[in-house]
Amino acid sequence: MSDVVLETRDLVKHFPLTRGIVFKKQYGAVQAVDGVNLQLRRGETLGIVGESGCGKSTLARMLVGLETPTSGDLFVQGRNMSKVGAEERRRGRRNIQLVMQDPYTSLNPRMTVGDIIGEPFEVHPDVVPKGKRRAKVQELLDLVGLNPDHINRYPHQFSGGQRQRIGIARALALNPEIILCDEPVSALDVSIQAQVINLLEKLQAELGLSYIFIAHDLSVVRHIADRVAVMYLGKIIEIGTEDEIYDKPTHPYTQALLSAVPVPDPKLRGQRDQIVLTGDVPSPANPPSGCRFRTRCWKAQDICAEQEPLLVVRDKSDHPSACHFAEVRDVVHATE
């Protein structure tokens, strides 16, 4: 599809578990990401949600090239980044940049803001001529709502929200088409979160950006995402439009996630049945057979242990869900 700017096919990342100091012997593997298939379209925001440890950040690191997949393919603008040489892979990384989670640790405290934002030009010197880099950095500062005259300041002289704007400016330096946001507002106050989200939406409209937005805050994802993918133990277990996921979830895990979102309106609290999951999240080093959610699922039957459910559209739904017994459950609006 011509409008698909990023695609993964059966993307896998397993971290080996070994014994021994000199003669290491592998006895298992942590299945952090296990067969993920996603598509990101031009100008779209794809949200990825799931509890801690489900593989969201590992997936993000593979998409930007910080981790090498164990197997599977990653396509960026039609090029298979798993098959190209090192130089072409380096050039391809210009098109997908990362906004990190913590603005307090993702910026080098010994570098000025100008050096931080301009550092990508050192790696890719052909993007902006050396004599024009200072002007380009000031242009980026202005683009994200910061004073261009503060180019010589250091990160500790900015607030948390301002630091995250610096991180966004750095991500925009190479004119990428894809921005991967790995929980970019989770470390910020709620009022500042709204400002950063509004900035991301403004930049997307002006620059035609495509976002992959990873978060655990479902209300934030609903506000910004066009489509939402739900992850559990390294797999995508449901994917659909924002309305399909939030209003008509079909997978039991998605239904449980949404039922846990606090409802600010006291009149609505009694209208919603909260789903309390029993048991702990299984270890990704030893996931359950069949459906990985079956050990905590109230719908689980024998087939769930014997056969892994495919991520497909089922009779009682209008979007893909990896559950043998997927069915629509209406949700009281708690995230609006």
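Coordinate-derived values only; no laboratory data. If you're wondering where the values come from, they're calculated on a predicted model, not measured in any experiment. Because the Cβ atoms are built from the backbone with ideal geometry, glycine has one as well, and the counts that use them run over all protein chains shown.
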At His216 and Gln274, where each label point lies 7 Å from the Cα along Cα→Cβ, what is the point-to-point distance in nanometres?
-> 1.8
What percentages, rounded to whole numbers, describe P(r) for segment 1-72 computed over all alpha carbon pairs with 10 Å bin width beginning at zero?
-> 17, 42, 27, 9, 4, 0
Dipole axis of the chain (+1 Lys, Arg; -1 Asp, Glu on Cβ), positive-most option in Gln101, Val128, Ser186 | Val128
At a Förster radius of 41 Å, what calculated FRET efficiency corresponds to the Cβ-Cβ distance of Arg110 and Asn80, to the nearest 0.05?
-> 0.60
Efficiency by 1/(1 + (r/R0)^6): what FRET value for Arg42 and Arg9, r their Cβ-Cβ distance, R0 = 22 Å, to the nearest 0.05?
-> 0.70
Per residue of segment 111-122, in order, report the coupling 6.51 cos²θ - 1.76 cosθ + 1.60 (Karplus, θ = phi - 60°) as ³J(HN,Hα) in whole Hz, putting x for Gly and Pro.
-> 10, 6, 4, x, 5, 5, 5, x, 4, x, 6, 6
Grab the chain and count how many Lys pairs have their alpha-carbon atoms under 13 Å apart, sequence gap of 8 or more, or different chains.
-> 4
What relative contact order, as a whole-number percentage, does the chain give when Cα pairs under 8 Å and 6 or more residues apart are counted?
-> 19
P(r) histogram, all alpha-carbon pairs of the chain included - 20 Å bins from 0, percent = 29, 55, 16, 0
Longest the chain segment clear of trypsin sites (Lys or Arg not before Pro) sitting in DSSP loops (not H, G, I, E or B) with at most 12 other Cβ atoms within 10 Å runs 111-315
